Amino acid sequence: MFRVLKIILVAICLIFAFVLGSQNPQLVQINYIIASNTLPLAMIISICFALGVAIGCFISFKLFSQLKWQNYRLKKKLAPEKDNNKLVANKDT
């Protein structure tokens, strides 16, 4: 169910970006530090959207992998304690 909602949300964002881009065909001048360029506003919006998604995915992946690693270390630390509890339980019987 959650996967379907994610797909719908991504589709809505892409449709929104397409509609916004198609309504803005004007040329816009972008000034960089060392140069300038004239691009259609739709292309600028698309580039900014793609960069935002890429940066968000990178940060999410980094945080997710840190949490997975922390979870792995905690499970590994807990494993000997579980074995000790089983040995104590077996001794009592």
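Computed values, structure above
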item	result
Cα convex hull of the chain - mean projected area over all directions, nm²	10.6 nm²
Surface share of carbon and sulfur [accessible, 1.4 angstrom probe, percent] for the stretch 1-92	71 percent
Distance in nm between pseudo-label sites at F61 and M1 (7 Å out along the Cβ direction from Cα)	3.0 nm
Solvent-accessible area per residue, Å², over the chain with all protein chains present [probe radius 1.4 Å]	92 Å²
Angle between the chain longest axis and helix 41-92 axis [Cα atoms, degrees, rounded to 10]	0 degrees
Linear extension gain, A54 paired with A11, 0.36 nm per residue minus alpha-carbon span	13.9 nm
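The values are calculated or read from the model by the stated rules, or taken from the named source; none is laboratory data. Just so it is clear, the model here is predicted, and its values are computed rather than measured. We place every Cβ from the backbone using ideal geometry, glycine too, and count neighbours over all the protein chains shown. Remember, those area values only see protein heavy atoms, side chains included, never the ligands or the DNA or RNA. Shrake-Rupley method; radii C 1.70, N 1.55, O 1.52, S 1.80 Å.
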